[in-house]
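I have a structure here, written as structure tokens, and I will follow up with some questions on it.
The values are calculated or read from the model by the stated rules, or taken from the named source; none is laboratory data. Just so it is clear, the model here is predicted, and its values are computed rather than measured. All Cβ positions, even for glycine, are placed from backbone atoms using ideal geometry, and neighbour counts span all protein chains on display.
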Amino acid sequence: MFTLPELPYSHEALEPYIDKRTMEIHHGAHHAGYVNNLNKALEGLPPALSGMVIEQLMRNLSEIPEPKRTAVRNNGGGHFNHSLFWTVLGPGKGGKPSGDLAGAIDKAFGSFEKFKETFEAASMGRFGSGWAWLSIKDGKLLVHSTPNQDNPLMDGSGVPILGLDVWEHAYYLKYQNKRADYVKAFWNLVNWDEVARRYAQAVRR
Amino acid sequence: MEHKLPELPYSKDALAPHLSAETLEFHHGKHHATYVANLNKLIPGTPFADLPIEEIVKKAPAGPIFNNAAQVYNHTFYFLRLSPKGGGAPAGKLGAAIQKEFGSFEEFQKKFTETAMNTFGSGWAWLVRDKDGRLHLRSTSNAGCPLTAGETPILTCDVWEHAYYIDYRNARAKYLEAFWKIVDWKKAAENF
């Protein structure tokens, strides 16, 4: 059984960049819905499958029997992606990464500014619903995007360490059709300590 | 050839309370308008420059030209089949064909609603006619359009979140309930 993780801050903590109402619905209805539907989809499967932790489940979707695979992919992806998203945001965050992560970003993209440009382009270029990611693959950082609730663990294209939700539900109440403004605002919220922790963990693997 | 944003055949507040004026201001005035503007920027100097919108949708490969052209077509198709005087059930030949294909109008409504609810992410639910005249339900992702499969759209419901988020938030099912009250069946029957 998967459970909805609590937010590591209050609903209004990300104001003015992400509003309280958006957080209430995004976490309490959208994310909660993915968790409920994931649990429903896993009902009746053997414990070897239904007992996997979420990362393992994402990497092993092909083991889920066909009639349930799409539901597990969509809802399991929704659960994994949102769980990561909440932790890489925080009130009073933003700024720049430091240490090993900062060095790796400079090495992969040329500079932090270039990285931001690349990440924004991936966020804006994702047509429809989906996610933009900073991931690590074979020790190197890359920026990419996935449709709907897919993520880079599913096809092995990387281990995501930072993600941005570009489904309209993530920004519509405050930004409506202006996704670009939401993407810009996101930089004020990135919890680089958490991204660095995920980077260090992924490098050690 | 410059593509134009079609005017709505009703005022922005005419579909309330089912769809608010605010939703239509954004949906038509921003989203639909942006697809038109993007398309007009993308096509000059390409083989699509002088084609009517249906032809661009049918011929453009996957990518920005297709996405913007199909979203222009899909939104125009959607908005023109809504009406403040809509709702109810279709009469005439279309009504009879729906009964024949789905058993009853209620059964059709149920199946169409399921198609809309099960479209994961951004997309569209459609009632289409194939080249033999038979009716089918289709779900397309993002800008997907039944024209590319050689089918003729009859009715569509936009299930991108921007179509309903201001009025219904995450409650897509509530939006579908409201949708049935504003479907212009007379207009829908034109393509049957």
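When you go through B:62, B:70 one by one, which is the residue that is touching a residue at least 60 places away in the same chain (Cβ under 8 Å) and either hydrophobic (A, V, I, L, M, F, W, C) or in a helix (DSSP H, G or I) (or both)? Steps first, please.
Values: B:62 fails: touching a residue at least 60 places away in the same chain (Cβ under 8 Å).
Step by step, each of B:62, B:70 is checked, and only B:70 is touching a residue at least 60 places away in the same chain (Cβ under 8 Å) and either hydrophobic (A, V, I, L, M, F, W, C) or in a helix (DSSP H, G or I) (or both).
Can you name every residue in the stretch B:104-117 that is more than 14 Å from chain A (Cβ to nearest Cβ), in a helix (DSSP H, G or I) and not basic (Lys, Arg)?
Going residue by residue through the stretch B:104-117, those that are more than 14 Å from chain A (Cβ to nearest Cβ) are B:104-116.
Remaining after also requiring in a helix (DSSP H, G or I): B:105-116.
Within the stretch B:104-117, B:105, B:106, B:107, B:108, B:109, B:112, B:113, B:114, B:115, B:116 meet the criteria.
A further question on this structure: Could you check the stretch B:123-142 and list, in sequence order, the residues that are in a strand (DSSP E or B) and within 14 Å of another protein chain (Cβ to nearest Cβ)? Break it down into steps so the answer makes sense when it comes.
Filtering the stretch B:123-142 down to residues in a strand (DSSP E or B) leaves B:123-129, B:135-141.
Residues satisfying the conditions are B:123, B:124, B:139, B:140, B:141.
Check A:112, A:186 and return the single one that is touching a residue at least 40 places away in the same chain (Cβ under 8 Å) and away from chain B (no Cβ under 14 Å). First the steps, then the outcome.
On the way: A:112 fails: touching a residue at least 40 places away in the same chain (Cβ under 8 Å).
A:186 is the lone residue from the list that is touching a residue at least 40 places away in the same chain (Cβ under 8 Å) and away from chain B (no Cβ under 14 Å).
When you look at residue B:120, is it at pLDDT 95 or above, closer than 27 Å to residue A:74 by Cβ and part of a loop (DSSP other than H, G, I, E, B), yes or no?
Yes.
Turning to a different aspect of this structure: Take the conditions touching a residue at least 60 places away in the same chain (Cβ under 8 Å), under 21 Å from residue B:70 (Cβ atoms), in contact with a strand residue (DSSP E or B) (Cβ under 7 Å, 6 or more places away or on another chain) and of a type outside the set (Lys, Arg) and apply them to residue B:145. Does it pass? Spell out the reasoning first.
On the way: touching a residue at least 60 places away in the same chain (Cβ under 8 Å): yes; under 21 Å from residue B:70 (Cβ atoms): yes; in contact with a strand residue (DSSP E or B) (Cβ under 7 Å, 6 or more places away or on another chain): no; of a type outside the set (Lys, Arg): yes.
It is false that residue B:145 is touching a residue at least 60 places away in the same chain (Cβ under 8 Å), under 21 Å from residue B:70 (Cβ atoms), in contact with a strand residue (DSSP E or B) (Cβ under 7 Å, 6 or more places away or on another chain) and of a type outside the set (Lys, Arg).
Moving to a separate point now. Here is a list of conditions, (1) buried (at least 16 other Cβ atoms within 10 Å of the Cβ); (2) free of Cβ contacts under 8 Å to residues at least 24 places away in the same chain; (3) among the charged types (D, E, K, R), and residue B:81 meets all of them except one; can you say which number that is?
(2)
List every residue pair whose Cβ atoms sit under 8 Å apart, with the two residues 6 or more apart in sequence or on different chains, where the first one lies in the stretch A:30-53 and is within 20 Å of residue A:86 (Cα to Cα) and the second, anywhere, is aliphatic (A, V, I, L, M) and at pLDDT 95 or above.
A:31/A:4; A:32/A:4; A:35/A:4; A:37/A:71; A:38/A:71; A:38/A:72
Name the single residue, out of those in the stretch A:147-179 being surrounded by 23 or more Cβ atoms within 10 Å (Cβ to Cβ) and β-branched (Val, Ile, Thr), that is farthest from residue B:172 (Cα to Cα).
Once the filter is applied, the top-ranked residue is A:161.
Across the stretch B:154-180, which residue is farthest from the other protein chains (Cβ to nearest Cβ) among those that are part of a helix (DSSP H, G or I) and aromatic (Phe, Trp, Tyr)? Give the steps one after another, and end with the answer.
Here is the first cut: in the stretch B:154-180, the residues part of a helix (DSSP H, G or I) are B:161-163, B:165-168, B:172-179.
Still in the running and aromatic (Phe, Trp, Tyr): B:165, B:168, B:175, B:179.
Values: B:165: 4, B:168: 11, B:175: 13, B:179: 18 Å.
Here the residue is B:179.
What are the residues in the stretch B:76-90 that are of a type in the set (A, V, I, L, M, F, W, C) and under 26 Å from residue B:3 (Cβ atoms), if any?
Filtering the stretch B:76-90 down to residues of a type in the set (A, V, I, L, M, F, W, C) leaves B:77, B:79-80, B:82, B:89.
Listed by number, the residues that qualify are B:77, B:79, B:80, B:82.
A further question follows. Inside the stretch A:166-205, can you point out the residues that are of a type in the set (Lys, Arg), in a helix (DSSP H, G or I) and at pLDDT below 95? Walk me through how you get there before you give the answer.
Taking the stretch A:166-205 as the starting set, the residues that turn out to be of a type in the set (Lys, Arg) are A:174, A:178-179, A:184, A:197-198, A:204-205.
The next check asks that each one be in a helix (DSSP H, G or I); those that pass are A:174, A:179, A:184, A:197-198, A:204.
Once the filter is applied, which keeps residues that are of a type in the set (Lys, Arg), in a helix (DSSP H, G or I) and at pLDDT below 95, the stretch A:166-205 yields only A:204.
In the stretch B:22-50, which residues are surrounded by fewer than 16 Cβ atoms within 10 Å (Cβ to Cβ), small (Gly, Ala, Ser) and within 14 Å of chain A (Cβ to nearest Cβ)?
B:29, B:37
Quick check, is residue B:77 in a helix (DSSP H, G or I), within 12 Å of the chain's Cα centre (by Cα) and either away from chain A (no Cβ under 14 Å) or not hydroxyl-bearing (Ser, Thr, Tyr) (or both)? Reasoning before the result, please.
On the way: in a helix (DSSP H, G or I): yes; within 12 Å of the chain's Cα centre (by Cα): yes; either away from chain A (no Cβ under 14 Å) or not hydroxyl-bearing (Ser, Thr, Tyr) (or both): yes.
Considered against the rule, which asks whether it is in a helix (DSSP H, G or I), within 12 Å of the chain's Cα centre (by Cα) and either away from chain A (no Cβ under 14 Å) or not hydroxyl-bearing (Ser, Thr, Tyr) (or both), residue B:77 comes out as yes.
So, in the stretch A:104-157, exactly how many residues are over 22 Å from residue A:184 (Cα atoms) and of a type in the set (Asp, Glu)?
Summing the residues that are over 22 Å from residue A:184 (Cα atoms) and of a type in the set (Asp, Glu) in the stretch A:104-157 gives 3.
Residue-wise test of (1) polar (S, T, N, Q); (2) at pLDDT 95 or above; (3) over 29 Å from residue A:56 (Cβ atoms).
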{"site": "A:70", "(1), (2), (3)": "yes, yes, no"}
{"site": "A:77", "(1), (2), (3)": "no, yes, no"}
{"site": "A:103", "(1), (2), (3)": "no, yes, yes"}
{"site": "A:107", "(1), (2), (3)": "no, yes, yes"}
